[in-house]
Amino acid sequence: ALLEAKPSALFSANLVARKPGKNTPQTNPYLRRLVAQSPWKPRLQGVFAGELDYSRYGPVDKYMMRFVMWVNKGPTDFNTKVQFTNWQEVERFADQVAQLTAAPIAEPEPA
């Protein structure tokens, strides 16, 4: 109840969000699953694609990510470094978080 009474936001950064139709809180499978499994329901939710940079992965992770990208029709070349983040959406979300935290906080009712 205490957490629900506070202004709160949650975002997920994942490469699935690079795809149209998987780039909103309502359509992103990772964020939807997390929110469904949690009793906490943040007032504001966001989802953003991140960066794919194979050079940052170790050998095992590199091949795992390559397989995941192959299955999902993404870039598989180990020289790939792609920024999928929509920075305008990140800024919009940040503005919404700022507005959310500027609002008065309701105190929870005593139990």
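Kindly indicate whether PRO59 is over 14 Å from ASN14 (Cβ atoms) and loosely packed, with under 11 Cβ neighbours inside 10 Å. So PRO59 fits the description; yes. Scanning the stretch 1-17 for residues that are open to solvent by less than 50 Å² (accessible area, probe 1.4 Å), more than 9 Å from the chain's Cα centre (by Cα) and not aliphatic (A, V, I, L, M) yields PRO7, SER8.
Filtered by the rule that a residue be among the small types (Gly, Ala, Ser) and outside any loop (DSSP other than H, G, I, E, B), the stretch 6-56 gives ALA9, SER12, ALA13, ALA17, ALA36, GLY46, SER55.
Got a number for residues in the stretch 70-94 being assigned to a helix (DSSP H, G or I) and either in contact with a helix residue (DSSP H, G or I) (Cβ under 6 Å, 6 or more places away or on another chain) or polar (S, T, N, Q) (or both)?
Initial filter on the stretch 70-94 (assigned to a helix (DSSP H, G or I)): 70-71, 87-94.
Imposing the further condition that a residue be either in contact with a helix residue (DSSP H, G or I) (Cβ under 6 Å, 6 or more places away or on another chain) or polar (S, T, N, Q) (or both) reduces the set to 88.
Of the residues in the stretch 70-94, 1 are assigned to a helix (DSSP H, G or I) and either in contact with a helix residue (DSSP H, G or I) (Cβ under 6 Å, 6 or more places away or on another chain) or polar (S, T, N, Q) (or both).
Per the conditions (1) assigned to a helix (DSSP H, G or I); (2) modelled with pLDDT of 95 or more; (3) within 11 Å of the chain's Cα centre (by Cα), the sole criterion not satisfied by ARG66 is (3).
The values are calculated or read from the model by the stated rules, or taken from the named source; none is laboratory data. Just so you know, these numbers come straight off a predicted model, no measurement behind them. FYI the Cβ positions are ideal-geometry reconstructions off the backbone, even for glycines, and counts take in every protein chain you see. Just so you know, the surface numbers come from the protein's heavy atoms only, side chains and all, with ligands and any DNA or RNA stripped out. Shrake-Rupley method; radii C 1.70, N 1.55, O 1.52, S 1.80 Å.
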